[in-house]
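The values are calculated or read from the model by the stated rules, or taken from the named source; none is laboratory data. Worth saying up front: this structure is predicted, and the values here are computed from it rather than measured. Quick reminder, even Gly has a Cβ in these numbers, built from the backbone with ideal geometry, and neighbours come from all protein chains shown. Surface areas here come from the heavy atoms of the whole protein model, side chains and all, with no ligands, DNA or RNA. Shrake-Rupley method; radii C 1.70, N 1.55, O 1.52, S 1.80 Å.
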Amino acid sequence: MATSILLVDDDVDFRLALRGVLEGEGYTVYEAADGKIALDVLLHVVPHLILFDLNMPVMNGWDLYAEIQKDPALAAIPIAVLSSQPHKRPSGSMHLLGKPVDLSKLWGLLNAIDAAGRP
């Protein structure tokens, strides 16, 4: 089971709500309000999944993704984009989870990560 998730979004209410849902299902959730804070968290934690918004202050999701791709260990972590802008298609191996989050898609992604045996 994918046990840890890094949730990166500048909307504190959204983070708290999604964190509550995820923790209710047994996941450990780490939070960051922007990409720069997320990179700091990633110095200490290697989550099973990174969920991030595209539009954030300080460092947006695209810049966060670019930084993650520079580190082979971090680049191996599955990534899902949380965006209310459906026209902004993620690139590469990123998954798209809209806002509001479709929980069935999120559970499907987490089950796929579990099935792939990601560390």
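Considered as a group, the residues in region 20-40 that are acidic (Asp, Glu) and under 12 Å from the mean Cα position of the chain (by Cα) include one that is modelled with the lowest pLDDT, and that residue is Asp34. Of all residues in region 27-57, those satisfying the criterion of being β-branched (Val, Ile, Thr) and open to solvent by less than 50 Å² (accessible area, probe 1.4 Å) are Val29, Val41, Val45, Ile50.
If you take the residues of region 87-101 that are in a loop (DSSP other than H, G, I, E, B) and among the aliphatic types (A, V, I, L, M), which of them is modelled with the highest pLDDT? Looking at the filtered set, the residue picked out is Val101. Screening Gly24 with (1) under 15 Å from Pro100 (Cα atoms); (2) open to solvent by 10 Å² or more (accessible area, probe 1.4 Å) gives one miss only, at (1).
Restricting region 61-70 to residues that are in contact (Cβ under 8 Å) with a residue 24 or more places away in the chain and open to solvent by 50 Å² or more (accessible area, probe 1.4 Å) leaves a set whose member that is nearest to Ala33 (Cα to Cα) is Asp63.
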